[in-house]
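Everything on this sheet refers to the single structure shown next.
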Amino acid sequence: MEPIIIEGTPKTPSVLFDDARGIFEIKGRSIPENSVEFYKPLVDWLELYKESPLGKTVVDIKLEYFNTSSSKCILDVFKKLEAIHKAKNEVEVNWYYEEDDEDMLEAGEDYESIIRVPFKMIEIVE
């Protein structure tokens, strides 16, 4: 599989999905014009990765802001990761949030309550 590497813009996050190392990262702001169009290739790629994942997959989410339509798409990404986890593969989500950003912390906790994958809440202290 080819890794996914997307440069971030003011409206879209940078993305690195590296199946060879089992390291996935979504970072920045997610307010694309069309969230489904932006996230669909990621969800499709994870569907393929699910067929032969590494023993351990680490997912770093470092979003500073995302809109409502992105939140549904991010949930779709997490659902694919949950399927990988249910197939007895180790999946770990590191959810990064700024020190005083209660909203992002709550968003991570909301995803953690929906998805059956271990989450680590990591506070970024400047």
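A few points about this structure:
- Filtered by the rule that a residue be of a type in the set (A, V, I, L, M, F, W, C) and either in a helix (DSSP H, G or I) or surrounded by 12 or more Cβ atoms within 10 Å (Cβ to Cβ) (or both), region 105-126 gives Leu105, Ala107, Ile114, Ile115, Val117, Phe119, Met121, Ile122, Ile124.
- Strands (runs of 3 or more DSSP E) completely within region 1-70 that count 3 or more residues being at negative phi and either in contact with a helix residue (DSSP H, G or I) (Cβ under 7 Å, 6 or more places away or on another chain) or surrounded by 13 or more Cβ atoms within 10 Å (Cβ to Cβ) (or both): 14-18, 23-30, 56-66
- Selection over region 77-99 of residues that are within 12 Å of Glu64 (Cα to Cα) and exposed (fewer than 14 other Cβ atoms within 10 Å of the Cβ) gives a count of 1.
- Selection count where residues are under 13 Å from the mean Cα position of the chain (by Cα) and of a type outside the set (S, T, N, Q), scope region 42-59: 6
- Test: residue in region 73-88 that is under 19 Å from Ile122 (Cα atoms) and either free of Cβ contacts under 8 Å to residues at least 24 places away in the same chain or of a type in the set (Lys, Arg) (or both): no
- Glu102 fulfils the conditions (1) under 20 Å from Ile4 (Cα atoms); (2) over 14 Å from the mean Cα position of the chain (by Cα); (3) surrounded by fewer than 19 Cβ atoms within 10 Å (Cβ to Cβ) except for a single criterion, (1).
- Pairs, first over 16 Å from Leu75 (Cβ atoms) in region 100-113, second surrounded by fewer than 19 Cβ atoms within 10 Å (Cβ to Cβ), C-beta under 7 Å, six or more apart: Leu105/Met121
- Some residue of region 71-80 being closer than 13 Å to Tyr39 by Cα, among the acidic types (Asp, Glu) and in a helix (DSSP H, G or I): yes
- Pairs are defined by a Cβ separation below 6 Å, a sequence spacing of at least 6 or placement on different chains, a first member in region 10-27 that is without any contact (Cβ under 8 Å) to a residue 40 or more places away in the chain, and a second member that is of a type in the set (Gly, Ala, Ser) and part of a loop (DSSP other than H, G, I, E, B); the pairs so defined are Ser14/Gly8.
- Count - residues of region 71-106 that are in contact with a helix residue (DSSP H, G or I) (Cβ under 7 Å, 6 or more places away or on another chain) and over 20 Å from Leu46 (Cβ atoms): 2
- Test: residue in region 5-20 that is among the acidic types (Asp, Glu) and more than 25 Å from Arg116 (Cβ to Cβ): yes
Rule-based calculations on the coordinates, nothing more; no lab input. Remember, it's a predicted structure, so these values are computed and weren't measured experimentally. Note: ideal-geometry Cβ built from the backbone for every residue, glycine included; neighbour counts use all protein chains shown.
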